[in-house]
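**Q** Dropping the structure in here first, questions after.
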Amino acid sequence: MILKPFSNDLGISYKKFQQQNYFILINNNSLKKVNIKGINKISSSNNREFIELSDNDIISRRFEEIPLSSVLISKENITEISNLARSRLEFTDTETHNEITFSELGAVFSIEMFDMIWLEELMSEGHRKGIEIINDTMIFGEKSHLFEKFTVNLERYEKYLQNPSDFALIESIKIETEKIIEEYNGNPYDHFLLALLYHRPTSFQDLTAAKKEFIISRELSAEIENNDLTAMCDMMLAWFAYIEKDYDKAIEISHRALDLEFLSVPEIYFNLSKFYAAKGDSGNSIQYLDEVIRGFDFLYAIKAGIDDDFNKIKNDLNEYISMARDKAKKGIMKRLNNMGIFFTK
């Protein structure tokens, strides 16, 4: 599924938006969106003040339920696109190579998946070097026992993501992480994990505290040239700046992330396009949207089409999509002509 992204123009607070939208990690290889019954169970377990929602209270986010311009998609293609998007989230038991990464999800990624995707990528071989550097540093400083506690916390957090109604578990992870940081302040992953905990829509959500922890994590990551984690911090710091409606700051931080040559997270490009659109800057917005569509995933065209921030540049967006579609058609016709295949009008 392709989901309508959060927008400051959506008419709902960010926390309420989060409380309406949850994914559950299943068997470490699939993500499942939670239904209304699950939403009420999770949100009420994590927030004492939460008032149960009905179907009418939920903001419609699935692209299939949102009227889209025929420039973006034809009715005949909706089912095909929906099946393609779903295949990136859900895997069958017979599939042997399942990856939940930012690049594999593409436009299917949504902000409420962030901690799940980061955790899954962190466990991959590509991120092993960055973790080993921290481990070696802590061993040298006689803090190896704290690194072991950190890895245990990651495992426990993964369990929470599989059952996010277990508030006692996430609360204990938060307390333990704070104790670790109090004893040793130099592990950027501890600060990143604590920032994620503050970002979750629970009773102790604190975006100011989350922002502070992401900043510390970024500084520590930059010191050891861990570009992957540095870029992840920048992605979230840019997102927080957007929530605060500081679009210039969000754009500045997003460019900083791209300067790290961290090219495997297409959402950074899309968010940059989104932030420019929020300012009404269609030129820059279309430029980065074009980059993420051509370089990563054509489904970002649909994602932009259902994002309220792009309403400010709707005419330019539709014009761009039309031109891109015509260009693609010309490319196909040229290849057919080179094969000796011609069509008459």
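**Q** Could you tell me which numbered condition Phe91 fails, if it satisfies all but one of (1) modelled with pLDDT under 85; (2) assigned to a helix (DSSP H, G or I)?
**A** Going through (1) modelled with pLDDT under 85; (2) assigned to a helix (DSSP H, G or I) one by one, Phe91 breaks only (2).
**Q** Related question: Confirm whether Ile117 is buried (at least 19 other Cβ atoms within 10 Å of the Cβ), within 25 Å of Tyr198 (Cβ to Cβ), modelled with pLDDT under 90 and among the aliphatic types (A, V, I, L, M).
**A** For Ile117, the condition - buried (at least 19 other Cβ atoms within 10 Å of the Cβ), within 25 Å of Tyr198 (Cβ to Cβ), modelled with pLDDT under 90 and among the aliphatic types (A, V, I, L, M) - is not met.
**Q** I'd like the full set of residues that are outside any helix (DSSP H, G or I) and either at positive phi or surrounded by 21 or more Cβ atoms within 10 Å (Cβ to Cβ) (or both), limited to region 238-259.
**A** Correct list: Lys245 only.
**Q** Would you mind listing the helices (runs of 4 or more DSSP H) fully within region 112-167 where at least 2 residues are touching a residue at least 60 places away in the same chain (Cβ under 8 Å) and touching a strand residue (DSSP E or B) at 6+ places or on another chain (Cβ under 7 Å)?
**A** On the way: elements: 114-122, 128-140, 144-162.
Ranges flagged: 144-162.
**Q** Of the conditions (1) part of a loop (DSSP other than H, G, I, E, B); (2) open to solvent by less than 10 Å² (accessible area, probe 1.4 Å); (3) hydrophobic (A, V, I, L, M, F, W, C), Phe192 satisfies every one except a single condition; which number is it?
**A** Every listed condition holds for Phe192 apart from (1).
**Q** Let me ask something additional. Take the residues of region 272-312 that are of a type in the set (Lys, Arg) and either closer than 18 Å to Ala250 by Cα or without any contact (Cβ under 8 Å) to a residue 24 or more places away in the chain (or both): which is surrounded by the most Cβ atoms within 10 Å (Cβ to Cβ)?
**A** Ranking the qualifying residues of region 272-312, first place goes to Lys274.
**Q** Restricting attention to region 313-332, does a residue exist that is modelled with pLDDT of 95 or more and buried (at least 16 other Cβ atoms within 10 Å of the Cβ)?
**A** Yes, that holds for at least one residue.
**Q** So Leu105 clears everything in (1) out of contact with any Pro (no Cβ under 6 Å at 6 or more places or on another chain); (2) open to solvent by less than 50 Å² (accessible area, probe 1.4 Å); (3) in contact (Cβ under 8 Å) with a residue 40 or more places away in the chain; (4) within 30 Å of Ala301 (Cβ to Cβ) except one condition, right? Which one?
**A** For Leu105, the exception is condition (3).
**Q** Given the conditions (1) in contact with a Leu (Cβ under 9 Å, 6 or more places away or on another chain); (2) in a helix (DSSP H, G or I); (3) modelled with pLDDT of 95 or more, and given that Phe204 satisfies all but one, which numbered condition is not satisfied?
**A** Among (1) in contact with a Leu (Cβ under 9 Å, 6 or more places away or on another chain); (2) in a helix (DSSP H, G or I); (3) modelled with pLDDT of 95 or more, Phe204 violates only (2).
The values are calculated or read from the model by the stated rules, or taken from the named source; none is laboratory data. Bear in mind that the values here come from a model prediction, so they are computed numbers and not experimental data. Virtual Cβ from ideal backbone geometry, glycine too; neighbours counted across all protein chains shown. The area values use the complete protein model at the heavy-atom level, side chains included, leaving out ligands, DNA and RNA. Shrake-Rupley method; radii C 1.70, N 1.55, O 1.52, S 1.80 Å.
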